[in-house]
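Everything below concerns the one structure shown next.
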Amino acid sequence: HEFYENTILGDGTKPENVITVLPYIVSVQSDMVSAIEPFVTASESQVQQIFDEVMGMVSLSGKGMGFQRVVRSDKLSVTVGWVQSPSSVMQTTLVQGDPFISMQYFSAQPQILSPQLLNHFEVDGEKMKLPCKAGTRFTASKMKFGFIQHDALWHGYAFPPLDLECGGSGPLTLTASEDGYTGVIRLALA
């Protein structure tokens with residue numbers, strides 16, 4: 001039994017494909033990887049690490065990406081890749097204990113998503129006006145975002161800097177303004 005087996009079970013369309021790579025529970029789905037901050041419930045007889053599909057979840061995706069596949073693995077890590085075309089690829093390496101969730105993009109259109117509503121959003125040290133209206137564009141290398149339903153602050157880093165566009169005033173949807181980004185996006189809880 002390898003720690004990453006759930007990432008390849010099922011069709012990857014539901015957040016049931018979760019693994020624990022502390023400090024996060026990670027859900028690998030057909031077109032994204034989601035990091036979820038777990039919380040603990042305990043009784044006299046058991047301790048459980050559980051998660052809520054909405055609270056504390058942030059996803060890295062790529063527009064138009066296909067189903068996930070394991071690229072390589074060892075006892076402490078697994079690299080999962082998605083393909084849109086032979087030249088448009090994204091992949092992530094999930095490592096036990098890594099404080100970052102990272103996605104490497106090759107000629108792709110990245111997305112940062114969450115089912116939660118923003119209550120704090122900074123880009124390169126400048127506080128953004130909320131709600132982030134659909135079509136608002138900006139270039140980002142460092143981001144901070146907090147959510148109404150969750151009290152933690154997420155940090156995001158893009159290298160090279162990334163041109164992003166807001167998807168609207170609802171849940172977090174940031175999409176690269178153009179297809180063809182090659183670089184890395186990293187997320188971590190503060």
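The values are calculated or read from the model by the stated rules, or taken from the named source; none is laboratory data. A quick note: this is a predicted structure, and the numbers were derived from the prediction, not measured. Here Cβ is always computed from backbone atoms with ideal geometry, including for glycine, and neighbour counts include all displayed protein chains. Heavy atoms of the whole protein, side chains included, go into the accessibility calculation; ligands, DNA and RNA do not. Shrake-Rupley method; radii C 1.70, N 1.55, O 1.52, S 1.80 Å.
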Quick one: would you say Q91 is open to solvent by 70 Å² or more (accessible area, probe 1.4 Å) and in a strand (DSSP E or B)?
no
Count of residues meeting criterion [open to solvent by less than 10 Å² (accessible area, probe 1.4 Å), assigned to a loop (DSSP other than H, G, I, E, B) and more than 17 Å from M57 (Cβ to Cβ)] in region 94-116
0
Out of the residues in region 131-152 meeting the condition of being of a type in the set (A, V, I, L, M) and surrounded by 14 or more Cβ atoms within 10 Å (Cβ to Cβ), tell me which one is nearest to A176 (Cα to Cα).
A140
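Given region 149-190, what strands (runs of 3 or more DSSP E) lie entirely inside it while holding 1 or more residues that are in contact with a Lys or Arg (Cβ under 6 Å, 6 or more places away or on another chain)?
150-166
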When both residues are 6+ apart or on different chains and their Cβ atoms are under 6 Å apart, which pairs have a first residue that lies in region 162-190 and is surrounded by 13 or more Cβ atoms within 10 Å (Cβ to Cβ), and a second that is of a type in the set (K, R) and not in a loop (DSSP other than H, G, I, E, B)?
E165/R137; S177/R137
So which of E44, E37 is modelled with pLDDT under 85 and not aromatic (F, W, Y)?
E37
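So which of Q48, Q29 is farther than 26 Å from N119 by Cβ and open to solvent by 20 Å² or more (accessible area, probe 1.4 Å)? Before you say what the answer is, go through the steps one by one.
Values: Q29 fails: farther than 26 Å from N119 by Cβ.
That would be Q48, the only listed residue that is farther than 26 Å from N119 by Cβ and open to solvent by 20 Å² or more (accessible area, probe 1.4 Å).
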